[in-house]
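One structure is given below, encoded as structure tokens.
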Amino acid sequence: MYAKDQESRSRRCRLYTQKLPGAGRKPVSDKLDQRLFSYFKGVRQNKFALSKQEIQTKAKQLANQLGLDCFKASKGYVDRFKERFNLSLRKPKHKSQQNNRSSE
């Protein structure tokens, strides 16, 4: 009897824990995200790498310019920013990727 109750309970919990479309934490500011993404693209086009720390620093600078005084560019913010824009901070691993990068 106990196993059956546990199974039905876990099934009910799964129904309520599925994320609805549009649910979840919203970005602090769309302007901030767009400006940070523009900065990211510009740096990447010039073949420079960015670290999480550099993205955090730039996000804080942009937030101050936009008047978002209470904004803290946490590691979580940077991770969510990368996820929203489908970004990666990976380095080229294959020789073909490294050759293409150095020849451009």
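Summary table
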quantity: Amide hydrogen neighbours beyond the local backbone of Leu89, cut-off 5 Å, H modeled; calculated: none
quantity: Karplus (6.51, -1.76, 1.60) ³J(HN,Hα), θ = phi - 60°, over the range 61-68, in Hz, Gly and Pro reported as x; calculated: 4, 5, 5, 5, 5, 8, x, 8
quantity: Residue-wise HN-Hα coupling along the range 69-84, computed from phi with Karplus coefficients 6.51, -1.76, 1.60 (Hz; x: Gly, Pro); calculated: 5, 8, 6, 10, 7, 6, 4, x, 4, 5, 4, 5, 4, 4, 5, 4
quantity: Cα-centre dipole for the range 50-89 with unit charges at Cβ (Lys and Arg positive, Asp and Glu negative), debye to 20; calculated: 60 debye
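No lab work stands behind these numbers, since they all come straight from the coordinates. These numbers come from a predicted model, not from an experiment. Here the Cβ is made from the backbone with ideal geometry for all residues, glycine too, and neighbour counts use every protein chain on show.
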